[in-house]
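> Before I ask anything, let me first share the structure, which is written out below as structure tokens.
The values are calculated or read from the model by the stated rules, or taken from the named source; none is laboratory data. Owing to the predicted nature of the structure, the values given are computational and were not obtained by experimental measurement. Neighbour counts are summed over all protein chains in view; Cβ atoms, including those assigned to glycine, are modelled from backbone coordinates with ideal geometry. When the accessible area is computed, the model is the full protein with side chains, heavy atoms only, and any ligands, DNA or RNA have been set aside. Shrake-Rupley method; radii C 1.70, N 1.55, O 1.52, S 1.80 Å.
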Amino acid sequence: MDFACGPADEEFRAVAREWLDGHLTGGFAAAAGRGGPGGEHEDPELRRAWERELGRGGWIGIGWDTAPGAYGNRTASLTQQVVWAEEYARVRAPGRCGHIGEKLLAPTLLAYGSEEQQDEFLPDIARGRVLWCQGYSEPGAGSDLAGVRTVAERDGDAYRISGQKIWTSLAHEADWCFVLARTGGAGARRHEGLSFLLVPMDQPGRVEVRPIRQLTGTAEFNEVFFDGARARAGHVVGGEGAGWRVATGLLGFERGVSTLAQQIGFAQELAAVVRDAVRGGAVRDPVLRDQLVTLWAELRVMRWNALRTLGGGDPGAPSVAKLLWGGWHRRLGELAVRVRGALGAAGPGDWSADAPYELDAVQRLFLFSRADTIYGGSDEIQRNIIAERVLGLPREARGPR
């Protein structure tokens with residue numbers, strides 16, 4: 001597929017650039033470059049207001065497969081989606097807080113949801129009014145979705161959900177959670193008897209969110225406890241028992257154009273590390289210099305691979321992409337600290353009782369990127385997916401559960 005930008009794409013770029021330059025002003029401009037991975041705690045209210053601003057402009061959901069303006073969103077070709085991602089990264093616009101609803105849930109509802117579910121939930125996502133989180137991983141199961149033990153029992157026109165989810169990004173801010181739960185009986189096989197439910201988070205006494213404090217000192221991830229939480233029967237996506245199909249289908253939407261936008265941010269981080277190396281003289285070390293060049297070359301390869309697979313149809317592409325960028329970003333964090341030398345251990349300010357855990361950008365990059373090969377599906381799980389579902393290799397031996 002040819003992803004060269006044509007005249008229509010450049011016109012789209014001009015529109016996107018004009019809108020961003022005209023709206024990323026005032027307080028929004030002050031939040032530029034803030035709120036990305038590892039910084040989701042930064043300016044949450046301002047970034048939520050920015051989400052609504054994007055919604056008013058029609059810039060949420062431009063990649064949805066809908067009729068133009070169906071939910072208040074613009075529509076755009078693949079190349080135009082790439083253009084928008086590039087322009088968004090160019091101005092270092094605030095990190096998105098609604099990306100889980102826009103990039104994961106919305107395409108899933110369009111692919112598997114009922115018309116009623118689409119009409120109920122998509123307009124609020126497109127307007128930036130409602131935030132979502134993802135209830136997949138569990139203690140003892142992690143990235144193994146077939147090991148889910150959270151239970152949803154039918155109770156009249158609703159389901160009662162009991163169980164625990166972990167590593168739930170932004171659950172402390174989310175209005176809703178899409179939850180993978182077991183609705184089949186105890187005898188159902190691992191991949192069977194699962195359902196995909198849409199659950200409101202505002203259920204005092206039934207939904208409890210406990211932040212998980214990380215190496216960075218912040219808490220973007222959470223534990224979520226469901227104790228009889230209710231979900232309407234009409235909020236089961238794809239029907240009862242279709243959870244495995246819906247949940248794994250969602251994972252295919254997790255990579256794509258957003259990967260290209262992510263890589264633009266990676267390029268900016270790499271450029272900052274190169275500047276540090278030049279300024280501090282570390283670039284004179286031939287080994288370190290070779291590592292910088294290698295990271296630059298690998299980033300270019302990731303970009304072309306993302307463009308190559310953007311049209312879909314490659315079942316292994318999402319897992320390959322996750323393996324590539326997770327390991328790359330972790331190596332960048334390690335190299336960023338190595339470039340600093342002994343200064344990499346020094347904080348940006350003096351220790352005090354009020355600020356005992358202050359980190360600079362390089363230290364946050366190093367610490368948070370340790371998780372890149374774990375969250376979103378660990379490297380081990382991605383390799384299993386590629387081996388078993390793409391290459392057709394024998395399944396990994398698993399002990400009794």
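> Using the alpha-carbon centroid of each, what span in Å lies between the stretch 171-226 and the stretch 1-43?
Centre-to-centre (Cα) distance: 31 Å.
> If I take all pairs of Cα atoms in the stretch 75-217, what percentage of them are more than 21 Å from each other? Spell out each step's value before the answer.
Details: 5315 of 10153 pairs.
The answer is 52 percent, as a whole percent.
> Mind listing the long-range amide H neighbours of residue 34? Cut-off is under 5 Å, sequence gap 5 or more, other chains count too, H placed in the peptide plane at 1.01 Å from N.
Amide H neighbours of residue 34: 95.
> Evaluate the charge dipole of the chain about its Cα centre and quote only its size in Debye, nearest 20, assuming +1 on the Cβ of each Lys and Arg and -1 on the Cβ of each Asp and Glu.
In total the dipole reaches around 920 debye.
> Could you work out the relative contact order of the chain, using alpha carbon pairs under 8 angstrom and six or more residues apart, expressed as a whole percent?
13 percent.
> Ignoring ligands, DNA and RNA, what accessible area per residue does the chain give at 1.4 Å, in Å²?
The answer is 47 Å² per residue.
> Another question, if that's okay. Pop a pseudo-label 7 angstrom from the Cα along the beta-carbon direction at both residue 214 and residue 268 and give the gap in nm to one decimal.
Each label point is offset 7 Å from its Cα along the Cβ direction, giving 1.7 nm.
> Roughly how many percent of the accessible protein surface of the stretch 331-401 is carbon and sulfur, given a 1.4 Å probe and a whole-percent answer?
58 percent
> Something else: For the chain, set up a GNM with springs between Cα atoms under 10 Å and report which of 176, 19, 325 has the largest fluctuation.
Among 176, 19, 325, the largest GNM mean-square fluctuation belongs to 19.
> Working from Cα positions, state the angle (0 to 90°, nearest 10) between the long axis of helix 44-56 and the longest principal axis of the chain.
The two axes meet at around 80 degrees.
> Going by a ≥ b ≥ c, the root eigenvalues of the Cα gyration tensor, does the stretch 1-144 fall in the rounded group (a/c under 1.5), the prolate group (a/b larger than b/c) or the oblate group?
Values: a/c = 1.56, a/b = 1.15, b/c = 1.36.
The shape class here is oblate.
> Determine the distance separating the Cα centre of the stretch 320-358 from the Cα centre of the stretch 113-156; give it in Å without decimals.
33 Å
> In Å and whole numbers, how far do the C-alpha atoms of the stretch 227-327 stretch along each principal axis, longest first?
Principal-axis extents of the Cα atoms in the stretch 227-327, largest first: 63, 36, 19 Å.
> Just to confirm the filter: which trypsin sites (Lys or Arg not before Pro) across the stretch 107-194 are DSSP coil and have at most 10 other Cβ within 10 angstrom of their Cβ?
189
> Here's another thing I want to ask about it. Pick out, from 191, 162, 176, the residue whose Cα sits farthest towards the positive end of the charge dipole of the stretch 125-207, with +1 on the Cβ of Lys and Arg and -1 on the Cβ of Asp and Glu.
Value computed over the given set: 191.
> Starting from the Cα-Cα distance between residue 293 and residue 8, subtract it from 0.36 nm times their residue separation and give me the gain in nm to one decimal.
That pair, residue 293 and residue 8, stretches by 99.1 nm at full extension.
> Helix-only mean residue ellipticity at 222 nm, the chain, DSSP H runs n ≥ 4 weighted -39,500 (n - 2.57), per residue, nearest 500. What is it?
Estimated from H runs of four or more residues: -13000 deg cm²/dmol.
> On to the next question. How large a share of the accessible area of the stretch 1-144, in percent, is made up of carbon and sulfur atoms when the probe is 1.4 Å and the other protein chains stay in place?
C and S atoms contribute 50 percent here.
> Can I ask one more? Give me P(r) over the chain, computed from all C-alpha to C-alpha distances, binned every 10 Å, as integer percentages.
Final binned percentages: 4, 20, 31, 28, 13, 3, 0, 0.
> For the stretch 189-238, report the % of Cα-Cα distances exceeding 12 Å. Could the numbers behind the result be given before it?
Numbers: 876 of 1225 pairs.
Everything past 12 Å amounts to 72 percent.
> Report Rg (one decimal) and Dmax (nearest whole number) for the stretch 93-166, counting Cα atoms only, units Å.
For the stretch 93-166, the Cα radius of gyration and maximum Cα-Cα distance read 14.7, 46 Å.
> Let me ask something else. Express in % the proportion of alpha carbon pairs of the stretch 159-303 at distances exceeding 24 Å.
Distances greater than 24 Å cover 54 percent of the Cα pairs.
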